């Protein structure tokens, strides 16, 4: 789960496809074919929009309807997020390093053992399973080759 700790964000409403699948609040989301999907460890940074603010479940009344969902979008550089490290072990010397999202298809955590797409820049150590990260995403993310 991504929880903003410092920095400016805004809430923007973006489309999600009907019956797109369950999505937890606090997960990173990205665009795919013009609608939101959960970010994964294979999604390039420039497709990632921000942090989903409303959970989507298959029991929702509007689950089978295309609709708009609230997404918390960073509007300045260096917005800090508290994030769970779900793979690998964060250590004090992880500060300053870049890591990927987990391989789980849920956009909810950091993989400390991977650094291919470099989505999360560690700027603070909290514990072996939690840190402060700046997201390397959106228009200020890495440039598509």
In this structure, is residue 29 outside the structural domain of residue 124 (by TED's automatic domain parsing) and touching a helix residue (DSSP H, G or I) at 6+ places or on another chain (Cβ under 7 Å)?
no
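Could you tell me which of the residues 56, 43, 73 is modelled with pLDDT of 95 or more and on the phi < 0 side of the Ramachandran plot?
That would be 73, the only listed residue that is modelled with pLDDT of 95 or more and on the phi < 0 side of the Ramachandran plot.
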With the checklist (1) touching a residue at least 40 places away in the same chain (Cβ under 8 Å); (2) under 15 Å from residue 133 (Cα atoms); (3) not in a strand (DSSP E or B) in hand, flag the one item residue 5 doesn't pass.
(3)
May I ask you to list pairs of residues, at least six apart or on different chains, whose Cβ atoms are under 6 Å apart, with the first in region 123-139 being in contact (Cβ under 8 Å) with a residue 60 or more places away in the chain and the second being buried (at least 18 other Cβ atoms within 10 Å of the Cβ) and assigned to a loop (DSSP other than H, G, I, E, B)?
136/119
If residue 21 meets every condition in (1) within 28 Å of residue 128 (Cβ to Cβ); (2) at pLDDT below 95; (3) surrounded by fewer than 16 Cβ atoms within 10 Å (Cβ to Cβ) apart from one, which number is that one?
(1)
For region 89-103, how many residues meet the condition of being without any contact (Cβ under 8 Å) to a residue 60 or more places away in the chain and either outside the structural domain of residue 122 (by TED's automatic domain parsing) or assigned to a loop (DSSP other than H, G, I, E, B) (or both)?
6
Unmet requirement for residue 56, which otherwise passes all of (1) buried (at least 16 other Cβ atoms within 10 Å of the Cβ); (2) within 23 Å of residue 7 (Cα to Cα); (3) assigned by TED's automatic domain parsing to the domain that holds residue 37
(2)
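The values are calculated or read from the model by the stated rules, or taken from the named source; none is laboratory data. A quick note: this is a predicted structure, and the numbers were derived from the prediction, not measured. Here the Cβ is made from the backbone with ideal geometry for all residues, glycine too, and neighbour counts use every protein chain on show.
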